[in-house]
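Asks: I have a structure here, written as structure tokens, and I will follow up with some questions on it.
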Amino acid sequence: MPPELVYVHDAHREDPSTAFALAHLSRGPTTPTAIGIFHDVPRPVYGELMERQIERATAKLGPGELGALLHSGDTWEVSEA
């Protein structure tokens, strides 16, 4: 096969459209099947982002108090019927 007909995929591209197309290339057991890593873009971990957000809020607003939050306004009581 001539080199100009060979597609070399970059899994680190931000745009996932080519990775999506490769993942859906095969139409049956005898058609070409792409294998490998299609999309490998580093993303932040949710837990780490949440910890940073909590740290920033605590630094700006203080540690807060649960009791003050519960008695701060629109609250309701749940009782047995």
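The values are calculated or read from the model by the stated rules, or taken from the named source; none is laboratory data. Note that the structure is a prediction, hence the values are computed from the model and not measured. Positions of Cβ are backbone-derived with ideal geometry, glycine not excepted, and every protein chain shown enters the neighbour counts.
Asks: With the condition kept exactly as written, say whether any residue in segment 24-40 is surrounded by 11 or more Cβ atoms within 10 Å (Cβ to Cβ), free of Cβ contacts under 8 Å to residues at least 24 places away in the same chain and outside any loop (DSSP other than H, G, I, E, B).
Replies: Among the residues of segment 24-40, not one is surrounded by 11 or more Cβ atoms within 10 Å (Cβ to Cβ), free of Cβ contacts under 8 Å to residues at least 24 places away in the same chain and outside any loop (DSSP other than H, G, I, E, B), which makes the answer no.
Asks: Still on this structure, I have one more. State which residue is modelled with the highest pLDDT when the search covers only segment 41-81 and only residues that are polar (S, T, N, Q) and loosely packed, with under 10 Cβ neighbours inside 10 Å.
Replies: Filtering segment 41-81 down to residues polar (S, T, N, Q) leaves 53, 58, 72, 75, 79.
Now restrict to residues that are loosely packed, with under 10 Cβ neighbours inside 10 Å: 72, 75, 79.
Values: Ser72: 83, Thr75: 70, Ser79: 88.
Out of the qualifying residues, it is Ser79.
Asks: Within segment 1-23, which residues are among the small types (Gly, Ala, Ser) and either surrounded by 10 or more Cβ atoms within 10 Å (Cβ to Cβ) or in contact with a Leu (Cβ under 9 Å, 6 or more places away or on another chain) (or both)? Let's see the steps before the verdict.
Replies: Our first condition is that a residue be among the small types (Gly, Ala, Ser); within segment 1-23, this holds for 11, 17, 19, 21, 23.
Once the filter is applied, which keeps residues that are among the small types (Gly, Ala, Ser) and either surrounded by 10 or more Cβ atoms within 10 Å (Cβ to Cβ) or in contact with a Leu (Cβ under 9 Å, 6 or more places away or on another chain) (or both), segment 1-23 yields Ala11, Ala19, Ala21, Ala23.
Asks: Six or more apart or on different chains, Cβ atoms under 6 Å: show the pairs whose first residue is in segment 44-58 and without any contact (Cβ under 8 Å) to a residue 60 or more places away in the chain and whose second is surrounded by 10 or more Cβ atoms within 10 Å (Cβ to Cβ) and not acidic (Asp, Glu).
Replies: So the pair list comes out empty.
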